[in-house]
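Engineer: This is the structure I want to talk about, given as structure tokens.
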Amino acid sequence: MKALYPDIITTVGIIFLIILELFLPSFDLIGFLGFLISFISGVLAIKYSLAGYRFNEWLLDINAFSLFLKGVIYILTSFVIFSSVSFFKSKKTFLENVYTFLLISLGLSIMVSSKNLAVILSGLELASISMYISVGMLRDDYVSKEASFKYLVLGSMATAFFGIGSAFYIGATSHLGIISVSVNHNTAFALASLFLFIAFALKVSAAPFHFWTPDAYEGAPTSTTAFISTVPKIGFYAVIFLLASYIFPITNNFSYIVGIVGVISMFWGNLVAYAQNSAKRMLAYSSIGHAGYFLIGFSRYNPLSVSSTIFYVIVYAFATAGAFLVLSILEKNQSWTHDMNNYKALYKKSPFLAAALALFLFALIGIPPFATFVGKLGIFLGLVNSNAWFFAILFVIGSVIAAGYYLKLIVYMFFKEPVAEDNMSLSLNLFDTIGISAFLVAVFFFGIFPNVLFDIILKDMFHG
């Protein structure tokens, strides 16, 4: 029963915050309590994961691995909430942003708690609907509302594909549980695999299902972009891992479809990113490119490949959230836009923010000593061990191509002079500094000591 405590604490906490807001509508108070609720839930989930707690009743199947993922989701959520309060206050957004983030994390937690398609759909919809709302939370901002609507329309297609895939799965297997089955290459089962994969390919921004991503990321409040571009991906890729474990191997050559979609995403995202004049849109296309890396990692089911992919998803989330949070701090200056020209000589205006953003971008390139390098290396070696040389070579080429547009922004920050004299001043508060520093420490720490995370993933993934 203790395995349910993190979700119970979050649920009660959300209800408490909704009631509290009626009487004490303070962003600082709501933000601090939201951080505290999520952080406590995350720490408990990690603790119970290490202790090997389980819960297998009421259609739930919570084991050490799902508890570990819950812990990462809740802790990352708490970090983003902590770092976002000053941004939301400066933009005069709605207080509901805080518990919208908590609702999303709760939905994701439910999603990784079961192998039953009905429960997964319930968690997916709780998270998705809250995400659509959070994107449109900027007051009196047409672009934010338009982005929210686009995300709602295209995101709803994922629900439709999931429903169709579930129907075919029931037709092929006569149940909703994702378990080891033998269906002798049943056509209905093959269609179930395809539609379920499309549903989550759309959710993780894999090409050619990525069209919502640039507009949603650009139109959303930047702190919200930091959240929706990272935390939900952990839950979505956890379900893809589940599908790759039980469903995809049964369908002939389906792993090649996953790998090919990954290659298309990797090259499309990384190449189109070069054409972007907005740093936010550039990072959106970076997300599409990374979806390619992750899907290529899941295209070969061996312990090294899939564990490295989960490791990479987690450390990528810290690096990307950190980068977007730097952008959100810059955006608090009312004259700031995310045009590349705004970033010229940023190091003169704020050496800390310029250095932090550069480090996050280096991490996204995947160079040592950052944790993302370990993730990329693990995926490459996993592909080589599976004799998937075609995907391994393309994986390296895609990674090299991606380096250029990250370096472009770094050059703008340190080696370009602004066109006109700019007296813009950028101020940092204590929350900004602590939040950015926490993400930097995580990306460095897991790069220098990757076994701390890897050992937990390997143990829980295959023995949890």
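Engineer: I need the full set of residues from the range 114-140 which are part of a loop (DSSP other than H, G, I, E, B) and of a type outside the set (A, V, I, L, M), in order please. I'd like the intermediate steps shown before the answer.
Structural biologist: Within the range 114-140, the first condition is being part of a loop (DSSP other than H, G, I, E, B), and the residues that meet it are 114-115, 136-140.
114, 115, 136, 139, 140, listed by residue number.
Engineer: Given the conditions (1) farther than 30 Å from residue 6 by Cα; (2) touching a helix residue (DSSP H, G or I) at 6+ places or on another chain (Cβ under 8 Å); (3) in contact (Cβ under 8 Å) with a residue 40 or more places away in the chain; (4) open to solvent by 50 Å² or more (accessible area, probe 1.4 Å), report the number of the one that residue 171 does not fulfil.
Structural biologist: Status for residue 171: all satisfied but (3).
Engineer: Related question: Does the range 329-336 contain at least one residue that is surrounded by 21 or more Cβ atoms within 10 Å (Cβ to Cβ) and of a type in the set (Gly, Ala, Ser)?
Structural biologist: The answer is no, given that none of the residues of the range 329-336 is surrounded by 21 or more Cβ atoms within 10 Å (Cβ to Cβ) and of a type in the set (Gly, Ala, Ser).
Engineer: Only one of 35, 39 is of a type outside the set (Val, Ile, Thr) and crowded, with 19+ Cβ neighbours inside 10 Å; which? Outline the logic, then answer.
Structural biologist: Numbers: 39 fails: crowded, with 19+ Cβ neighbours inside 10 Å.
Every option except 35 fails the conditions.
Engineer: Identify the single condition in (1) without any contact (Cβ under 8 Å) to a residue 60 or more places away in the chain; (2) crowded, with 23+ Cβ neighbours inside 10 Å that residue 210 does not satisfy, given that it satisfies every other one.
Structural biologist: Failing condition for residue 210: (1).
Engineer: Which of the following residues is part of a helix (DSSP H, G or I), on the phi < 0 side of the Ramachandran plot and either surrounded by fewer than 19 Cβ atoms within 10 Å (Cβ to Cβ) or free of Cβ contacts under 8 Å to residues at least 40 places away in the same chain (or both): 234, 179, 260, 240? Even if it seems obvious, please write down each step before you answer.
Structural biologist: Numbers: 234 fails: either surrounded by fewer than 19 Cβ atoms within 10 Å (Cβ to Cβ) or free of Cβ contacts under 8 Å to residues at least 40 places away in the same chain (or both); 179 fails: part of a helix (DSSP H, G or I); 240 fails: either surrounded by fewer than 19 Cβ atoms within 10 Å (Cβ to Cβ) or free of Cβ contacts under 8 Å to residues at least 40 places away in the same chain (or both).
Result: 260 is the single residue among 234, 179, 260, 240 that is part of a helix (DSSP H, G or I), on the phi < 0 side of the Ramachandran plot and either surrounded by fewer than 19 Cβ atoms within 10 Å (Cβ to Cβ) or free of Cβ contacts under 8 Å to residues at least 40 places away in the same chain (or both).
Engineer: Identify, from the list 358, 275, the residue that is touching a residue at least 24 places away in the same chain (Cβ under 8 Å) and either surrounded by fewer than 24 Cβ atoms within 10 Å (Cβ to Cβ) or more than 26 Å from residue 75 (Cβ to Cβ) (or both). Before you say what the answer is, go through the steps one by one.
Structural biologist: On the way: 275 fails: touching a residue at least 24 places away in the same chain (Cβ under 8 Å).
Testing whether each residue is touching a residue at least 24 places away in the same chain (Cβ under 8 Å) and either surrounded by fewer than 24 Cβ atoms within 10 Å (Cβ to Cβ) or more than 26 Å from residue 75 (Cβ to Cβ) (or both) leaves just 358.
The values are calculated or read from the model by the stated rules, or taken from the named source; none is laboratory data. Computed from a prediction, not measured in an experiment: that's the story for all the values here. No Cβ is skipped: glycine too gets one built from the backbone with ideal geometry, and neighbour counts run over all protein chains shown. For accessibility, only protein heavy atoms count, side chains too; no ligands or nucleic acids. Shrake-Rupley method; radii C 1.70, N 1.55, O 1.52, S 1.80 Å.
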